[in-house]
Structure formats: C-alpha cells, structure tokens
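The values are calculated or read from the model by the stated rules, or taken from the named source; none is laboratory data. Just so it is clear, the model here is predicted, and its values are computed rather than measured. FYI the Cβ positions are ideal-geometry reconstructions off the backbone, even for glycines, and counts take in every protein chain you see.
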Amino acid sequence: MDSVAEETSVENVGEPVVGSSPVKRQVGEEDDELSEVEPDAVPQEVREWLASTFTRQLSTARKRTDEKPKFRSVANAIRAGIFVERIYRRLSSATFLHLPPEVTKILKRVDEWDFNVWRLHEVSTNTPLRCLSYELLNRYGLLHKFKMPPATLETFLTQVESGYQKYKNPYHNNVHAADVLQTMHYMLSQTGLMNWLNDIEILATLMAAIIHDYEHTGTTNNFHVMSGSETALLYNDRAVLENHHICAAFRLLKGEESNVLVNLSREEYREFRSLVIEMVLATDMSSHFQQIKAMKAMLAMPDPSALDKAKALSLVLHCCDISHPSKEWTLHEKWTKQLLEEFFRQGDKERELGLPYSPLCDRNNTLVAESQIGFIDFIVEPSMGVCGDVLDKVAALSIPATPTISEEPQKQLNEPGGPIKRPVRPSGVVGTEVRRPWQDYLAANKTRWKERAAKDAEVRAEMALGHKNVNGDLEEENEEDFIKEEEDKGANENLEEADKEEESAE
Ligand SMILES: [Zn+2]
C-alpha cells in the first residue's frame, strides 16, 4: 500500500532520538520509585513489566512516542508537508459528510482564537460538535489515515452530540464540547503543538476534547458524592463524572455501528485509549493545583525531553476547558451566564434534597462578578501562563527553523479551510515565542467584572438602605410609594412569581 510506504519514508527523514536513552525515558517519566532503578540494572522486558504493573502507564502505550520523527530542519519540514498534501488530495475527492454552506463559511474562521462557537451552533441547527469534529478530523487527515468508515463516523458523532444533550444542561452541553474542541484546535495548529505529535496523538487529543464531558449530568462531582448517586457509587466517589465520560464514550466506540477506530491496530488503539483516559481524567478540577505544580516542576528541568507528552497535553486540554474567561467579552459573559444557571439548577436540587448549597449554587445569594474575578485570578490566569510556557518549550523543540530567503513563508501557513500541514511554522508563533492572545482578553474581562462588582456592591448597599430598586436605578421613593407598589404586586401576582421576576431582572 502506497500510504504505508510513504509513512515509512516520513518516519525515516526524522533524526534519531538524541539525549536520554529510550529505556530511561520510558520508565523514568513516571513519578515513582521506578525512576530510582538504574537503566541498565534490569533487562528491558522486566522494566516494561514493572512499568506496566506498578505504574499507571502501560508500557505498550509509551513505546511509539520514542519512535516519533523529529522535525528539526526546514528540508524535513517541506518534505513532510508534501506528504500531507498528497494525502489530502486523495481525501478531498471523497468528501463524506455534507456541511451546509453557512456552516462552511463560519468554519473558515476556525483557526482563530476569537472563533464564535455560538454562531456555529446557530447555523448548524444545534449540531456544532458534529460539524466541527468532522471538519477537523478531515482537515488533520485523520479520517483517511485511520480509514474511518463514513457512515460509522456519522453515527458516532450524532450519538456523541445527543449524549451531550441528554440532560439539557445550560453549560455542559454540545456547544461547550465544540468550544473546547475549537480551542484545542487553535492550540494544536497555531502554536506548533501538533509538530510535536504523531497522528495517533493528534487523534487522541481531538477525541479527548470531543468526549471530555460526554453525558454530563449538569451537576458537579461533589453533588454526585453528596447525593450518593449511582455514578458516585460506581466510581467510588473518585473523579465521578470524568470516569463516566470516558467509560460511556469508549462503550460507544465499541458498538459496531459507531466504532470509528475499527481500523486502528491493537497498538494504536492502546496508545489512543491510554492518552484519552489520562487527558479526560485530568479535566477533573480537583486535580488542578496538583497538575499545575507538577507541570511547573517539569518545566524547570533543564532537559527538554523531561516534558511528559501526556501530561503536557492534559494540561492544555484542562486549559481549553476553562478558557472562556480568556475569550472575547460577549462570549465569556454568555458562558458565565450559562454556567451560573447550571449551578443554580443544582442549587434547586440541593434545596429539594435538603442538602446544603454548594458554592455559587444559591440563586438568591451569588456574587457573579466576584466569582469570575476570583476564577480568573486564581485559576485561569495562572493556568494559561503555565500553558503558554509549555507551548513555548514545545515550539522550541519542534518548530522548523527560521525560513531561508528562497522560501515563501506564506506557503508554510495553513489556508483557511484547507488541509492542516505538518509541520508548519504557525502564525501564532513570533520568533521563538508563542503568541498568547488570551492575555489581553483576561485582563480586559477582569476589568469589566471589577467595574460590575463595584456597581453591584453599590446597588446592594443602596438596597439595604431602601433607596434603589433591584435594577440599580436610583429612585426618589418615599415610603408610601413603596408600600403601594408592594400591595399592587400582591394583588396581581403570587409572591413566587414576583421573586422570579426580580431574579431575572438581576
Ligand atoms: Zn468541559
């Protein structure tokens, strides 16, 4: 088969792995006693057995990462670019899924940090995840590479999308999944991250984003644990939802009619599964600080190969998952509203069950602006900072060198809607540094929330004194007017309705 021959030739253009020996890297990456064992002290097979039995990583899953081609020179870059283009030409003659023209138009901007996923949601008539997943799997050449049967892909994506709509969540739904997928695509294609990855790793990264909240219940892990749900019982209160997302998605992938991985080799499947599991489990927010700390320690090491690929990708996915405060204000504000509504619904359930309110879940007592400022200050900004540092390091490792004069830089860049070439000098890299479009947005959004927080505080103070209505409008209200208003309300509506209106006006 010619594609096999081509693949081999591309693998051959890579330089041999330099630095630490494959054996040392394979086991030494795990944070445990195994790293104390001298590389030559035990035979390779025994080390692999030790690694597969006593660490979380499967030895088979790590093997291929060491065989990866390293693209260091411009010549290699161009040769590999030609290879990907050749693949794409074959693929483009057989377009599987038909995307409506309005969707195709929106998707032309899919490489941008400012991509409006809500717009895609509208024009795709509530199938943003299916359309975007198809588009990206195709553009990365993965449909062809892994011979995904078109009808199977269609079934799989449709089922995934409907799994996201199962509980009608305001936030954790198919639009959020599409948002995280698009953000991950930005990271892969615009920062040079994909140059560091093989095809299976790219597939796993995209798929992890696609399924990372599959069948989300719209409630938190804490709620599952506190209410003693079936899922909490099943997963022993540990990463309850994340375990479910992964398990349910892989169950779907086992179904004959939706198994898009049917043509992966056993080894490819193991590698894919191991990466997806690690990445999605790391979206459990309770592992956030641990993750950031571990990554900072890894970045501080002088040896660039110390950067663990699965952990780096996990951190990037985690960052994409919490990235909405680093997007344009209208998008961020909308996500905030959706998330708060989801929290409030959980609060309603907690009240029904006689459970204490989880933080931010009480409709009547939530400081929206303050919560977002705290979220940005303590979680999102530090995370995105570390993410940027990881991407800088990866770019230094894997982006082709500066172009020579004879080369036209534009030809190395991806065209909107075209196949994604690899490796590429990404537009999101200036010199040796990855551009960080999220920084300005984070700062601007924080300023807006601070203004709003100040205003809210003012309103609350005024309300306490009885000088303002709930909308914050100053009122020259005397006591008589106030009493009359209350009487009118009582006459026309029941009290509960009035409460609701006041809340929505807030
Ligand atoms: Zn998520």
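Looking at (1) closer than 23 Å to residue 152 by Cβ; (2) more than 15 Å from the ligand (Cβ to nearest atom); (3) surrounded by 22 or more Cβ atoms within 10 Å (Cβ to Cβ), can you tell me which one residue 255 breaks?
Just one mismatch for residue 255, condition (3).
Suppose we keep only residues that are surrounded by fewer than 17 Cβ atoms within 10 Å (Cβ to Cβ) and of a type in the set (A, V, I, L, M, F, W, C) within the stretch 228-246. Which one would you say is farthest from residue 277 (Cα to Cα)?
Out of the qualifying residues, it is 233.
Among (1) under 25 Å from residue 211 (Cα atoms); (2) over 17 Å from the mean Cα position of the chain (by Cα); (3) surrounded by 21 or more Cβ atoms within 10 Å (Cβ to Cβ), which single condition is residue 333 missing?
(3) is the only condition that residue 333 fails.
Just to be sure before I move on: is residue 175 within 16 Å of the ligand (Cβ to nearest atom), closer than 24 Å to residue 429 by Cα and at pLDDT 95 or above in the structure I sent?
Considered against the rule, which asks whether it is within 16 Å of the ligand (Cβ to nearest atom), closer than 24 Å to residue 429 by Cα and at pLDDT 95 or above, residue 175 comes out as no.
Tell me, yes or no, whether the stretch 360-368 has at least one residue that is at pLDDT below 85 and crowded, with 16+ Cβ neighbours inside 10 Å.
Checked against the condition, which is being at pLDDT below 85 and crowded, with 16+ Cβ neighbours inside 10 Å, the stretch 360-368 yields at least one hit.
May I ask you to list the residues in the stretch 317-334 that are within 15 Å of the ligand (Cβ to nearest atom) and in a loop (DSSP other than H, G, I, E, B)?
The answer is 322, 323, 327.
Can you find, within the stretch 158-170, the residue that is farthest from the ligand (Cβ to nearest atom) among those that are of a type outside the set (Lys, Arg) and touching a Ser or Thr at 6+ places or on another chain (Cβ under 9 Å)?
Out of the qualifying residues, it is 158.
State which residue is nearest to the ligand (Cβ to nearest atom) when the search covers only the stretch 213-244 and only residues that are within 16 Å of residue 173 (Cβ to Cβ) and in a helix (DSSP H, G or I).
Filtering first and then ranking leaves 241.
Which one is nearest to the ligand (Cβ to nearest atom), of the residues in the stretch 179-212 that are in contact with a Ser or Thr (Cβ under 8 Å, 6 or more places away or on another chain) and assigned to a loop (DSSP other than H, G, I, E, B)?
Once the filter is applied, the top-ranked residue is 212.
Does the stretch 145-157 contain at least one residue that is within 14 Å of the ligand (Cβ to nearest atom), in a helix (DSSP H, G or I) and surrounded by fewer than 24 Cβ atoms within 10 Å (Cβ to Cβ)?
Scanning the stretch 145-157 turns up no residue that is within 14 Å of the ligand (Cβ to nearest atom), in a helix (DSSP H, G or I) and surrounded by fewer than 24 Cβ atoms within 10 Å (Cβ to Cβ).
Residue 126 versus (1) within 16 Å of the ligand (Cβ to nearest atom); (2) part of a loop (DSSP other than H, G, I, E, B); (3) among the polar types (S, T, N, Q): which is the lone unmet condition?
Every condition holds for residue 126 apart from (1).
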